[in-house]
Amino acid sequence: MDLYEYQGKEIFKRFGIPVSEGRLATTPDEARQAAEELGAPVVVKAQVLTGGRGKAGGVKLAENAKDAEQKAREILGLDIRGHVVHKVWIETASEIAKEYYLSVTFDRGTKKPLFMLTTQGGVEIEQVAEENPEALARLHVDALEGFQPYQGRRLIYGAGIDDPAEQKQVLDIIGKLYRCFVQTDAMLCEINPLIVTPDGEVKALDSKFTVDDSALYRHPDVAGWRDTSAADPLEAFAREKGVTYVKLDGEVGILGNGAGLSMSTVDVVVVAGGRPANFCDLGGGGSAEGVVDALEVITRDEQVKSIFFNIFGGITRCDEVARGILEALARMDISVPIVVRLDGTNADEGRTILAEAAPPNLYVEPTMLDAAKRAVELAA
Ligand code: GDP
Ligand code: MN
């Protein structure tokens, strides 16, 4: 789950990482009030789950409360890379002498948290990694040993931060960010920019924060922050239906039983020269209800031109799934062709059921590859 900047900063604050004081506003009027309370100048910041807000006109300085109202009016409703701004964060403006970058993320390669620090902050980190790789200091932390201050010092020297007062503050922030990362079950905590003010104060001016979905049950407060309106409407609909669904950008809708088979199905469609429209896992069952729910989700995606229904019967019996498909077709009006591959327990019975019913626009193929090829062909 990705957090908005203001939510990430709320967590930073709990862990003692310095941030500016701020208020959330959903109307220009609230923005003016917030600016009055905080005292000008303030900065008005679009709250959307995407980066590059500054460049897109979603971050603006305001001289006074009236100006904050005006800036909020300009930013609210703005479309930033497909994300419409419904909320703005008003915070006390900071003076910036330097912009650094600090993050901790989970490195799946080494299976360790990875810190990155550079004095080239403010820009996209990918750009620094590409154009100026030596400026980016990296540090892996052993999860069992935990974070040690000497490691933080190594990171700071690596990045070339040489002012002792800055070193001390950055070291403190690194330690707190590590605690924050671990205790919040985060996948990413990124501060870009981490600024140094003309007075030499170091603080987090932005926050990009991702919490591991599987750990949300341990953080009910964070889980409660989920903004269903910001999520992909199809994914939200799928969640409501209890269907595991991830939207992709191709044309072949995919439905499998079990995460492993569904993933292989995605691969096979690519091998067959097609592009998957989604990943959808029916789970262990295969009841008509489950099939209807999944098909309802998939067919809502207008990009879907054909559906590849891939079932391997283990505990799930293929005859039951076949009946589920027929029942689903009887209940729903599906305009795109469906290719079915059934294998495993009672596969013959399942295929016979489908062959006898012979619904229009339904194709049964014997193997996964044959089915993928057919689905790709039908999507073209
Ligand atoms: P992003 O573009 O989505 O990463 O949004 P940021 O929160 O990082 O803000 C973008 C840029 O706006 C920063 O890099 C700063 O240069 C500028 N900015 C943000 N807040 C302030 C502030 O309080 N004072 C000043 N002077 N500039 C700010
Ligand atoms: Mn930023």
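The angle separating the long axis of helix 347-357 from the principal Cα axis of greatest extent in the chain is about 70 degrees.
Assuming a ≥ b ≥ c are the square roots of the Cα gyration tensor eigenvalues, decide whether the range 116-189 counts as rounded (a/c under 1.5), prolate (otherwise, with a/b larger than b/c) or oblate.
Cα axes put the range 116-189 in the oblate bin.
Loop-located trypsin sites (Lys or Arg not before Pro) across the range 237-303 with a Cβ neighbour count of 16 or fewer within 10 Å are 300, with loop assigned by DSSP.
Under the classification rounded if a/c is under 1.5, otherwise prolate if a/b is larger than b/c and oblate if not, where does the chain fall, given a ≥ b ≥ c as square roots of the Cα gyration tensor eigenvalues? Prolate, because a/c is 1.5 or more and a/b exceeds b/c.
For the range 98-223, relative contact order (Cα pairs under 8 Å, six or more residues apart, normalised by length) works out to 27 percent.
Sequence-distant contacts, meaning Cα pairs under 8 Å at least 6 residues apart, place the relative contact order of the chain at 12 percent. The mean sequence separation of alpha-carbon pairs under 8 Å and at least six residues apart, normalised by the residue count of the range 1-112, gives a relative contact order of 30 percent. Taking the 1.4 Å solvent-accessible surface of the range 174-243 as the whole, the part contributed by carbon and sulfur is 47%. Helix 65-75 and the long axis of the chain differ in direction by around 30°, with both axes built from C-alpha atoms.
Here's how it looks for residue 188: its modeled amide H is under 5 Å from those of 210, which are all 5 or more places away or on a different chain. Accessible area per residue for the range 166-272 is 45 Å², calculated with a 1.4 Å probe on protein heavy atoms, without ligands, DNA or RNA. Counting protein heavy atoms only, the range 295-349 has 45 percent of its accessible area on carbon and sulfur, 1.4 angstrom probe. The alpha carbon gyration tensor of the range 1-91 gives principal lengths a ≥ b ≥ c with a/c of 1.5 or higher and a/b no greater than b/c, which makes the shape oblate.
Which pairs break 22 Å Cα to Cα here: 112/208; 55/98; 247/305; 9/112; 60/203; 168/203? Cα-Cα > 22 Å for 9/112; rest within. Under 5 Å from the amide H of residue 344 lie the amide H atoms of 313, each residue being 5 or more positions distant or on a separate chain, with H modelled from the backbone and absent for Pro and chain starts. The angle between the Cα long axis of helix 259-271 and the main principal axis of the chain comes to about 80°, on a 0 to 90 degree scale.
Each of 93, 334, 31 was placed along the dipole of the chain (beta-carbon charges, centred on the mean Cα), and the one lying farthest toward the positive end is 93. Each Lys and Arg contributes +1 and each Asp and Glu -1, all at the Cβ; summed about the Cα centre of the chain, the dipole is approximately 380 debye. Between residue 93 and 42, 43, the built amide H atoms are under 5 Å apart, and every one of these is 5 or more places off in sequence or on another chain. Projecting the Cα atoms of 291, 220, 378 onto the dipole axis of the chain, where Lys and Arg carry +1 and Asp and Glu carry -1 at the beta carbon, places 220 farthest toward the positive end.
Only beta bridges with both residues in the range 231-379 are counted; by DSSP, about 20 percent of them are antiparallel.
Antiparallel as a % of all DSSP beta bridges within the chain, to the nearest 5? Approximately 70 percent, going by the DSSP bridge assignments. Couplings 3J(HN,Hα) of the range 9-22, computed from phi: 5, 4, 5, 3, 4, 4, 9, x, 7, x, 9, 7, 6, x Hz, in residue order, whole Hz [Karplus 6.51 cos²θ - 1.76 cosθ + 1.60, θ = phi - 60°; x for Gly and Pro]. In the full protein context, the range 21-92 carries 47 Å² of accessible surface per residue, based on a 1.4 Å probe and ignoring ligands, DNA and RNA.
When peptides 162-173, 62-73 are ranked by their average number of other Cβ atoms within 10 Å per residue, the highest-first order is 62-73, 162-173.
Taking θ as phi - 60° and the Karplus parameters 6.51, -1.76 and 1.60, the scalar couplings of the range 289-302 work out to 4, x, 5, 4, 4, 5, 5, 4, 5, 5, 6, 6, 7, 5 Hz in sequence order, x denoting glycine and proline. Per-residue 3J(HN,Hα) values for the range 165-180, derived from phi via the Karplus relation 6.51 cos²θ - 1.76 cosθ + 1.60 with θ = phi - 60°, read 5, 5, 3, 4, 5, 5, 4, 4, 5, 4, x, 5, 5, 5, 4, 4 Hz in sequence order (x marks Gly and Pro). Per residue, the solvent-accessible area of the range 295-334 (1.4 Å probe, heavy atoms of protein chains only, all protein chains present) comes to 46 Å².
The values are calculated or read from the model by the stated rules, or taken from the named source; none is laboratory data. It should be emphasised that the depicted structure is a prediction, and the values quoted were computed from it without experimental measurement. Backbone-built Cβ (ideal geometry, glycine too); neighbour counts: all protein chains shown. With ligands, DNA and RNA removed, areas are computed over all heavy atoms of the protein, side chains included. Shrake-Rupley method; radii C 1.70, N 1.55, O 1.52, S 1.80 Å.
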